[in-house]
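**Student:** Right, I'll just put the structure down here and ask away after.
The values are calculated or read from the model by the stated rules, or taken from the named source; none is laboratory data. The shown structure was predicted, so the numbers you read here are calculated from the model rather than taken from an experiment. For neighbour counting, all protein chains shown are included, and Cβ atoms are generated from backbone atoms with ideal geometry for every residue, glycine included. Remember, those area values only see protein heavy atoms, side chains included, never the ligands or the DNA or RNA. Shrake-Rupley method; radii C 1.70, N 1.55, O 1.52, S 1.80 Å.
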Amino acid sequence: MIRITNFACRIIFDRLFYHMEKSTFNPAQQEKDISSKIVAGLERISEVFKILLWDKAKLVGLSPIQIQVLIFIAFHEQSLCNVSHLAKEFNVTKPTVSDAVRILDRKDLIIKEHSASDSRRYSMVLSDLGNEIVSQTHDFSDPLKQVIDDFSKTELESLFDILGQLIFKLNRRGILSIQRTCYGCKFHTKKNGTDYCNLLHTTLLKEEIRLDCAEYEAKASS
C-alpha cells in the first residue's frame, strides 16, 4: 500500500491550485490575461447558439442536432450530405449523426439516395416536409445577427478577420475537423502581402474571405 505523506499531499495540492488559478474560467486570471477573457467570452457566445437552437427545437419537435443536419443539407451540395461528413462537420460521432438521420428519415424529412456502387452508402436531400421545417428554423440565429449588425463596418471587418484566422488555426491543430475558409484552400495565396484567389484570379479584400466556400479544396499538407 502506497502512503502519501502530508508533505507530498501539500505539493500535489499546490500544483493543482496553481493550475486552477490559471484557468480561463477564473475571474482573477481573466483580469491578468486578455486571452482568457476572450475565451470566456466565446464560451458565453456558444451558449447563445444552444439557447436559440433549443427554442426552435421545441417549436418543431426536433433536437438541435436534427435541426442542424436539416439546415446543412438545405444549403450544401449533396456530396457533403452523408453521415461521415456530417459527423466531422459538427464534431460528433457517427452514431450520433446516424441516430439523428434515422429520426429525420422516420419523420419523412429527408430522402436517402443510395450509391449505385454500394447500397450501404447514401447521401441525403430534403423532402418537401423537410424544406418546410427548414423554412421555420433556418433563422434561429437572427437575434444574434441583429446584435452584430449594430457594429460599425470597421469593427465587423476586424471581427470577421480574426474569426476566419481562428477557425483556420483550430482546424490546423485538429480541434475543428472541418473548415472551408480561404486560408486553408489550395487556391488561396498571398500576393504582395494581400490575399489572392487563384480560382477567381482576383485579390480578396478581408471582407471577401469566405468561411464556407462551395469551391473550397484543401491545401496539400506541408
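**Student:** Between helix 94-106 and the chain, what is the angle of the helix's C-alpha long axis to the longest principal axis, kept within 0 to 90° and rounded to the nearest 10?
**Tutor:** Compared with the principal axis, the helix lies near 40 degrees.
**Student:** Can you give the charge dipole size of segment 81-188 about its Cα centre, rounded to the nearest 20 debye, using +1 on the beta carbon of Lys and Arg and -1 on the beta carbon of Asp and Glu?
**Tutor:** Charge dipole of segment 81-188: 780 debye, to the nearest 20.
**Student:** Using the per-residue mean of other Cβ atoms lying within 10 Å as a proxy for protection, in what order, highest first, do the peptides 171-179, 101-109, 41-49 fall?
**Tutor:** By packing density, highest mean first, the sequence is 101-109, 171-179, 41-49.
**Student:** Does anyone have the angle between helix 64-75 and the longest principal axis of the chain? Alpha-carbon axes, 0 to 90°, nearest 10?
**Tutor:** Helix 64-75 and the main axis of the chain meet at about 50 degrees.
**Student:** Also, quick follow-up: Where does helix 34-60 land angle-wise versus the long Cα axis of the chain, in degrees 0 to 90, nearest 10?
**Tutor:** Computed tilt is about 40 degrees.
**Student:** Roughly how compact is the chain, stated as its Cα Rg over 2.2 N^0.38 Å to two decimals?
**Tutor:** 1.30
**Student:** Hey, another quick one. Restricting to Cα atoms and excluding each atom paired with itself, what does the Kirkwood estimate give for segment 49-106 in Å?
**Tutor:** 11.6
**Student:** Averaged per residue, what accessible surface does segment 38-188 expose to a 1.4 Å probe, in Å²?
**Tutor:** Heavy-atom SASA per residue in segment 38-188 reads 60 Å².
**Student:** Which net charge results when you count Lys and Arg as +1 and Asp and Glu as -1 among the other residues whose beta-carbon is under 11 Å from that of Met124?
**Tutor:** With Lys, Arg at +1 and Asp, Glu at -1, the neighbours total -1.
**Student:** Additional query: Using only the alpha carbons, work out the radius of gyration and Dmax of segment 134-222 in angstrom.
**Tutor:** When restricted to the Cα atoms of segment 134-222, Rg and Dmax are 14.8, 46 Å.
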